[in-house]
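Shown next, in structure tokens, is the structure this report addresses.
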Amino acid sequence: MRYIKKGSEAPYYLEQARLKNLIPPNPEKAWKNFAYKEELCNYFLEPTQYYICAYCEISLNELGKHIEHIKPKSKYPEQTFNYQNLVLSCIDDKQLKNLPRHKQSCGHYKLNNYDPLLFISPSEPTCKDYFWYRQNGEVIPHPNLTQSQQERARYTIDLLNLNNLRLVRRRRILIEETIIEIDKLLDDLEALHHFADCDLSLTNNRLQAFHSVRLQYFGAIGEQIIQQSGL
């Protein structure tokens, strides 16, 4: 999970919907009738998420996408049209029908479950610091966390099903390939820096899948590239 930076101003059509539906009595119906979902998806793709899922970070071109309410609108109707509460999550409705429950993840797996004291949101600037990616592809709470922070990380990982076999396998393959390439370039720091830059920087306004995994394994060089690029 990586921090999704948003401006303070929502798109005009979303803000107008919010003003007309401050606390919708039927948030499901109000959201269903919102006519600008496609425009909102396109808005989130480039200025904020760069074509990767807000939670697991796979490419949103792989299994499609849907607009996710971080705080479920069924429990927080006032958040139905809140710009800061909306992100893009992987898996569209068509793909969802072909995925058994254990292969689902992120927003569709989370459903309406949400504990505001435990859930780690991509809108938190330090969200990536809660997670650690093992070489076997598993995501676990970062070892440097306090006990309460680890509890939050475990809750979020389980709630989003981030350790389903589909995601673990993908991360394991990426990590193995990345480590092999890094080892080859340890004696050529300029080439290693170039490799990290290609992996972590924007290409055609897109990030590569599993950006946080890549960043972790590039270590200090990766952090330097991120700081320089402002991502």
ask   = Can you name the helices of the chain, as whole DSSP H runs, whose Cα span along the helix axis is 30 Å or more and whose Kyte-Doolittle mean is not below -1.0?
value = none
request  = Enter the Cα centre distance for the pair the stretch 26-86 and the stretch 164-226, rounded to the nearest angstrom.
outcome  = 27 Å
Partnerless cysteines, meaning none of the other Cys C-beta atoms lie under 4.7 Å away, in the chain = 41, 56, 106, 127, 198
remark   = Sorted largest first, the Cα spans of the stretch 9-52 on the principal axes come out in Å as 34, 20, 14
remark   = The Cα extents of the stretch 1-100 along the principal axes, largest first and rounded to whole Å, are 35, 31, 22
Candidate lysines - alpha carbon under 29 Å from residue 73, same-chain residues fewer than 8 apart omitted = 5, 6, 20, 29, 32, 37, 65, 94, 97, 103, 110, 128
ask   = Taking the stretch 146-231 on its own, what percent of its Cα-Cα pair distances exceed 15 Å?
value = 65 percent
remark   = Expected max-MSF residue from 141, 72, 125 in the GNM of the chain (alpha carbon, under 10 Å) is 125
note = Karplus ³J(HN,Hα) for the stretch 94-107 (6.51 cos²θ - 1.76 cosθ + 1.60, θ = phi - 60°; Hz, whole; x = Gly/Pro) runs 5, 5, 4, 5, 9, 10, x, 3, 5, 9, 7, 7, 6, x
ask   = Highest GNM mean-square fluctuation, the chain, Cα pairs closer than 10 Å: which of 35, 196, 17?
value = 35
request  = Quick one: compute the contact order of the stretch 173-231, relative version, from alpha carbon pairs under 8 angstrom and 6+ residues apart, as a percent.
outcome  = 35 percent
inquiry  = Kirkwood Rh and Cα-based Rg: tell me the resulting Rg over Rh for the chain, rounded to two decimals.
reply    = 0.98
task = Add +1 for every Lys or Arg and -1 for every Asp or Glu among the other residues with Cβ under 13 Å from the Cβ of residue 95, and state the total.
result = +2
task = Set the Förster distance to 22 Å, then compute FRET efficiency between residue 84 and residue 227 from the Cβ-Cβ distance, nearest 0.05.
result = 0.35
inquiry  = Whole percent per 10 Å bin, from 0 to the bin with the longest distance: what is P(r) over all C-alpha pairs of the stretch 100-144?
reply    = 21, 45, 33, 1
message = From zero outward in steps of 5 Å, how is the percent of C-alpha pairs of the stretch 86-213 spread across the bins?
response = 2, 9, 16, 19, 20, 17, 10, 6, 2, 1
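Read-outs: derived from the displayed coordinates by stated rules, not from any lab. Bear in mind that the values here come from a model prediction, so they are computed numbers and not experimental data. Ideal geometry is used to build each Cβ from the backbone, glycine not excepted, and the neighbour counts take in all protein chains shown.
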